[in-house]
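Enquirer: Below is one structure. I have some questions about it.
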Amino acid sequence: MGHLRRGGALAATLGLLLAGSAAAPAAAEPRSAVPYRNPISAGVGDTFADPVIVRGDDGYWYAYGTTDPLREGERSFHRVPTARSADLVDWTYVGDAFGPDQRPPYAAPGAAYWAPDVRRIGDRYVMYMTVTDTTVSPEGSDYAIGAATAPTPTGPWTFADEPVVAPRPGGGGGYLWTIDPSQFTDTDGRSYLYYGSYYGGVSVTELSPDGLRAVGTPTLVAIDNKFEGTYVLRHDGWYYLFASTANCCAGPATGYSVQVGRARSPRGPFLDRDGVPLTASRTGGTPVLTQNGNRWIGTGHNGFLTDLSGQDWIVYHAIDRADPYLDEPFGINERPMLLDRLDWIDGWPTVNAGAGPSDGTRPAPVTTGPVDERFDRAGLAGWRRVGGDWRVADGRLTGGGTLTSRTTVGGDVRAEADLRLTGAHSAGITLADRVEVRVDAAAGALVARDGRRTASAPLPAGFDPAHRHNLAVEVRGRQLVAELSPARLGDQVAVVELRLERPVAGRITLRADGGTAEFDNVSAVRLFQPVRAAVPAPRVGRELVAYSDEFADGLGPAWSWVREDRAATVAGGALRWPTQAADLTGTGNTASVLLRDAPAGDYVVETKVTLDLGEETVRNYQQAGLVAYVDDDRFARLAQVAIWNTRQVEYGYELPFAGQPVYGGTIVGTPATTTWLRLAHRVDPANGEHEFRAASSRDGRHWTWGGVWTFPADTTPRIGLVAHGGNQPPVTAEFDYVRFYR
């Protein structure tokens, strides 16, 4: 989170009095669970795809996954499996959201429910999901977005009678892929739903106040043939659209990954770090999460959460490349649930400071601390009544007046509580007896005050203070930020920020004025320390001239052909190669490959290739670029390519598996007519594997680094060039050079 994003106003008077007292017991540092290790869903199942997590009213965390069997050999499909955890690390299966015969009226028998998204809207939980087959068409794949409501995170769930977004006929036949829903509530109180996939693109529509109907006209926010699995949140005044790209389910060649764009409106336009829209034909997208060479590949379809210290986390699924299928090869892909730290560096999110998915012990999220009150015990041990009437019943605190914790929290702090106003007209947070954060329900504003310094933010129209919301307050040094949100998922409805006269520390006080308020899940812990710098990109050192070629005078003797193409020529300092009507994927293996030996050890190889593929038109799958090549069935190909109406930098990968070649890929950066490409080779000292990390650039100076593909230690990959995928219309790739660096 960095610090609190735009968000909430208080509608119950919560006062956090962080005023020190010599008589108060000293607080311990915030405690996380013992260090954790991915996958976190191992106790629930072998697979748990498309995961999202929400915190329940009871203080537990709940995870939801897509319709799949959970265990190898089980072969029984779970209809939105649900798990519960107290610490975000150890999870217990608590059942399926829906029974085997439970379906909405519009769903066809046997319909599955994919990619659930669970939010709190008003006084209930709403689950959005893909309904895979409906009664609209007997053909199937007429996807719709459905919704169900429940009083608790574990149900009972009741389907809405009508789809939120009905099946949409495609202009090219069949039905547009109306899948992967994700809800978002804005600061004006309006809620939105994002949905869509490769066939039809990703759109956003406004929702009715109850969240069960799409209203108005949808807006396209991400182009087709590149993105799906979107998730939107607000951070520091920006709207960030996280989207998964490439193939989710290619077994050991899966290159699914997460990219992001940001906007000033929930309807976009969403631009990447280079200013390229996610709707452009040469499609933008800044990498957030991609595979790094360890066991995890296909890292995508993310959710989001914030722990009690204010640290943001990304939840997602991935594939263990050594165990890619749940049962037999080429069946259900085994995609367990992973969790990793989400950092914000220079305004952009990245996982583990850019290091990618973790495979090893890591510090766990903070889920308890010095003040951690669920009110699940009778009495108020650890609290002191300053005034008013307070009582604990049914797992929550109700009352009015002032109640102060006997525990102090020093240094930078984050405090939060779930609350409802059941009669109180104001609520607030007081720090060190002087700094107050108050929700003025009559004025419809969240107000922060430190002496004469005041700041306020409006509550959205239609805000109902009787509905449960989460209030979170962070103080870092002299900066205070407070937010209110319905689900603490980056969906703030109001935020107030204030520069304090001096830092504060001390107790937490709950306060309700003019009536009663209800409080639950009250915590105060030491504020997280943000990561400020990304891990370094691969080093590009001195040029290895003996291995490089400027194409000044024909092909040097170091080059050799696999299936020579005599149409390729060298003149005027460039290799010119018309794209072939051929390919390397599968068993055909008709494309030519121009190869040379690579230097021993670690190195970076780079080329500059001009390939005019135009825009918008379909030119499948003309491409040109670099290749790391062992043989026709084991290679990694980095090329700018035409994929239907888009132009992308694809880092494709083929390997033999279970007696046949398997191909997949990941996406790296955005191409231009002239695109620079790099492969950084590293030998893993632990196992001797060859790791190749890919990068691309539109100007030769600013590079976007992406995913890693690996080769076994007993192979010797060579480096080469390719130009193939189709010759209509005719187009020639022009390579300026191939340079090696160490």
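The values are calculated or read from the model by the stated rules, or taken from the named source; none is laboratory data. Quick caveat: nothing in here was measured; it's all calculated off a predicted structure. Using ideal geometry, Cβ is built from the backbone for each residue, glycine included, and neighbour counts are taken over all protein chains shown.
Enquirer: Among the residues of segment 412-424, are any assigned by TED's automatic domain parsing to the domain that holds residue 321 and basic (Lys, Arg)? Give the steps one after another, and end with the answer.
Expert: The initial filter retains those residues of segment 412-424 that are assigned by TED's automatic domain parsing to the domain that holds residue 321, namely none.
The answer is no, given that none of the residues of segment 412-424 is assigned by TED's automatic domain parsing to the domain that holds residue 321 and basic (Lys, Arg).
Enquirer: While we're looking at this one, here's another question. Among what's in segment 540-566 and is among the hydrophobic types (A, V, I, L, M, F, W, C) and surrounded by fewer than 16 Cβ atoms within 10 Å (Cβ to Cβ), pick the residue that is farthest from residue 630 (Cα to Cα). Quick ask: steps written out before the conclusion?
Expert: Start the filter on segment 540-566 by keeping residues that are among the hydrophobic types (A, V, I, L, M, F, W, C), which leaves 540, 544-546, 551-552, 555, 558-559, 561-562.
Still in the running and surrounded by fewer than 16 Cβ atoms within 10 Å (Cβ to Cβ): 545-546, 552, 558, 561.
On the way: 545: 23, 546: 22, 552: 27, 558: 16, 561: 13 Å.
Looking at the filtered set, the residue picked out is 552.
Enquirer: Does residue 282 satisfy the condition of being out of contact with any Gly (no Cβ under 9 Å at 6 or more places or on another chain), assigned by TED's automatic domain parsing to the domain that holds residue 342, farther than 29 Å from residue 319 by Cα and among the charged types (D, E, K, R)? Please lay out each step first, then the result.
Expert: Details: out of contact with any Gly (no Cβ under 9 Å at 6 or more places or on another chain): yes; assigned by TED's automatic domain parsing to the domain that holds residue 342: yes; farther than 29 Å from residue 319 by Cα: no; among the charged types (D, E, K, R): yes.
Spelling it out, it is not the case that residue 282 is out of contact with any Gly (no Cβ under 9 Å at 6 or more places or on another chain), assigned by TED's automatic domain parsing to the domain that holds residue 342, farther than 29 Å from residue 319 by Cα and among the charged types (D, E, K, R).
Enquirer: If we keep just the residues of segment 95-115 that are crowded, with 17+ Cβ neighbours inside 10 Å and within 17 Å of residue 151 (Cα to Cα), which is farthest from the chain's Cα centre (by Cα)?
Expert: The extreme case among them is 98.
Enquirer: If you scan segment 494-508, which residues turn out to be at pLDDT below 95 and over 15 Å from residue 449 (Cβ atoms)?
Expert: Here is the first cut: in segment 494-508, the ones at pLDDT below 95 are 494, 500-508.
494, 503, 505, 506, 507, 508 - these are the residues of segment 494-508 that are at pLDDT below 95 and over 15 Å from residue 449 (Cβ atoms).
Enquirer: Can you name the residue in segment 120-157 that is more than 26 Å from the chain's Cα centre (by Cα) and of a type in the set (Ser, Thr, Tyr) and, of all such residues, is farthest from residue 421 (Cα to Cα)?
Expert: Among residues in segment 120-157 that are more than 26 Å from the chain's Cα centre (by Cα) and of a type in the set (Ser, Thr, Tyr), the one farthest from residue 421 (Cα to Cα) is 137.
Enquirer: Right, next: How about segment 34-79: which of its residues are aliphatic (A, V, I, L, M), buried (at least 24 other Cβ atoms within 10 Å of the Cβ) and assigned to a loop (DSSP other than H, G, I, E, B)? Walk me through how you get there before you give the answer.
Expert: Here is the first cut: in segment 34-79, the residues aliphatic (A, V, I, L, M) are 34, 40, 42, 44, 49, 52-54, 63, 70.
So of that shortlist, the ones also buried (at least 24 other Cβ atoms within 10 Å of the Cβ) come out as 40, 44, 49, 52, 63.
If the condition is that a residue be aliphatic (A, V, I, L, M), buried (at least 24 other Cβ atoms within 10 Å of the Cβ) and assigned to a loop (DSSP other than H, G, I, E, B), then 40, 44, 49 are the ones that fit.
Enquirer: If you check 515, 423, which single one turns out to be among the small types (Gly, Ala, Ser) and not in a loop (DSSP other than H, G, I, E, B)? Don't jump to the end; show me each part of the working.
Expert: Working: 423 fails: not in a loop (DSSP other than H, G, I, E, B).
Sole residue among the options that is among the small types (Gly, Ala, Ser) and not in a loop (DSSP other than H, G, I, E, B): 515.
Enquirer: Only one of (1) under 17 Å from residue 580 (Cα atoms); (2) surrounded by fewer than 24 Cβ atoms within 10 Å (Cβ to Cβ); (3) within 25 Å of the chain's Cα centre (by Cα) is not met by residue 620, so which one is it?
Expert: The failed condition is (3).
Enquirer: Here's a follow-up. Go through segment 647-675 and report how many residues are among the polar types (S, T, N, Q), part of a strand (DSSP E or B) and farther than 13 Å from residue 587 by Cβ.
Expert: 4
Enquirer: Looking at segment 136-153, which of its residues are under 19 Å from residue 214 (Cβ atoms) and surrounded by fewer than 19 Cβ atoms within 10 Å (Cβ to Cβ)? Break it down stepwise before answering.
Expert: The initial filter retains those residues of segment 136-153 that are under 19 Å from residue 214 (Cβ atoms), namely 136, 142-149.
Answer for segment 136-153, where residues must be under 19 Å from residue 214 (Cβ atoms) and surrounded by fewer than 19 Cβ atoms within 10 Å (Cβ to Cβ): just 136.
Enquirer: Hey, another quick one. In the list 366, 386, which residue meets the criterion of being under 30 Å from the mean Cα position of the chain (by Cα) and touching a residue at least 60 places away in the same chain (Cβ under 8 Å)? Walk me through it before giving the result.
Expert: Details: 386 fails: under 30 Å from the mean Cα position of the chain (by Cα).
Result: 366 is the single residue among 366, 386 that is under 30 Å from the mean Cα position of the chain (by Cα) and touching a residue at least 60 places away in the same chain (Cβ under 8 Å).
Enquirer: Then there's this: What is the residue count in segment 500-520 for residues that are surrounded by fewer than 24 Cβ atoms within 10 Å (Cβ to Cβ) and within 31 Å of the chain's Cα centre (by Cα)?
Expert: Number of matching residues: 1.
Enquirer: Can you go through 138, 100, 104, 109 and tell me which one is in contact with a Gly (Cβ under 6 Å, 6 or more places away or on another chain) and part of a loop (DSSP other than H, G, I, E, B)?
Expert: Details: 138 fails: in contact with a Gly (Cβ under 6 Å, 6 or more places away or on another chain); 100 fails: in contact with a Gly (Cβ under 6 Å, 6 or more places away or on another chain); 109 fails: in contact with a Gly (Cβ under 6 Å, 6 or more places away or on another chain).
Selected residue: 104, the only one of 138, 100, 104, 109 that is in contact with a Gly (Cβ under 6 Å, 6 or more places away or on another chain) and part of a loop (DSSP other than H, G, I, E, B).
Enquirer: What about residue 484, is it touching a residue at least 40 places away in the same chain (Cβ under 8 Å), of a type in the set (A, V, I, L, M), surrounded by fewer than 24 Cβ atoms within 10 Å (Cβ to Cβ) and part of a strand (DSSP E or B)? Step through it out loud before you land on a result.
Expert: Details: touching a residue at least 40 places away in the same chain (Cβ under 8 Å): yes; of a type in the set (A, V, I, L, M): yes; surrounded by fewer than 24 Cβ atoms within 10 Å (Cβ to Cβ): no; part of a strand (DSSP E or B): yes.
Judged against the criteria, residue 484 is not a match.
Enquirer: Then there's this: Residue by residue through segment 707-729, note down the ones that are surrounded by fewer than 22 Cβ atoms within 10 Å (Cβ to Cβ) and among the small types (Gly, Ala, Ser).
Expert: 713, 726
Enquirer: Another question, if that's okay. Is at least one residue of segment 434-444 in contact with a Gly (Cβ under 6 Å, 6 or more places away or on another chain) and either over 19 Å from residue 517 (Cα atoms) or crowded, with 22+ Cβ neighbours inside 10 Å (or both)? First the steps, then the outcome.
Expert: Here is the first cut: in segment 434-444, the residues in contact with a Gly (Cβ under 6 Å, 6 or more places away or on another chain) are 436-438.
In the following step, the residues that additionally are either over 19 Å from residue 517 (Cα atoms) or crowded, with 22+ Cβ neighbours inside 10 Å (or both) were identified as 437-438.
For segment 434-444, residues in contact with a Gly (Cβ under 6 Å, 6 or more places away or on another chain) and either over 19 Å from residue 517 (Cα atoms) or crowded, with 22+ Cβ neighbours inside 10 Å (or both): present.
Enquirer: Any residue that is buried (at least 24 other Cβ atoms within 10 Å of the Cβ) and touching a residue at least 12 places away in the same chain (Cβ under 8 Å) - is there at least one of those in segment 406-413? Show your work before the answer.
Expert: Kept after step one, since they are buried (at least 24 other Cβ atoms within 10 Å of the Cβ), are these residues of segment 406-413: 409, 413.
Among the residues that remain, those that are also touching a residue at least 12 places away in the same chain (Cβ under 8 Å) are: 409, 413.
Yes, there is a match, as at least one residue in segment 406-413 is buried (at least 24 other Cβ atoms within 10 Å of the Cβ) and touching a residue at least 12 places away in the same chain (Cβ under 8 Å).
Enquirer: Considering each of 658, 695, 686, 723 in turn, give the residue that is over 30 Å from residue 224 (Cα atoms) and in contact with a Pro (Cβ under 9 Å, 6 or more places away or on another chain).
Expert: Details: 695 fails: over 30 Å from residue 224 (Cα atoms); 686 fails: in contact with a Pro (Cβ under 9 Å, 6 or more places away or on another chain); 723 fails: over 30 Å from residue 224 (Cα atoms).
Exactly one residue qualifies, and that residue is 658.
Enquirer: If you go through segment 381-398 one residue at a time, how many are touching a Phe, Trp or Tyr at 6+ places or on another chain (Cβ under 8 Å) and on the phi > 0 side of the Ramachandran plot?
Expert: Result for segment 381-398: 1.
Enquirer: Within segment 624-637, can one find any residue that is in a loop (DSSP other than H, G, I, E, B), modelled with pLDDT of 95 or more and under 21 Å from residue 280 (Cβ atoms)?
Expert: Of all residues in segment 624-637, those in a loop (DSSP other than H, G, I, E, B) come to 632-633.
Filter again for modelled with pLDDT of 95 or more, leaving 632-633.
Filter once more, so that each one left must be under 21 Å from residue 280 (Cβ atoms): none.
Among the residues of segment 624-637, not one is in a loop (DSSP other than H, G, I, E, B), modelled with pLDDT of 95 or more and under 21 Å from residue 280 (Cβ atoms), which makes the answer no.
Enquirer: In segment 607-661, how many are more than 22 Å from residue 252 (Cβ to Cβ) and of a type in the set (D, E, K, R)?
Expert: 6
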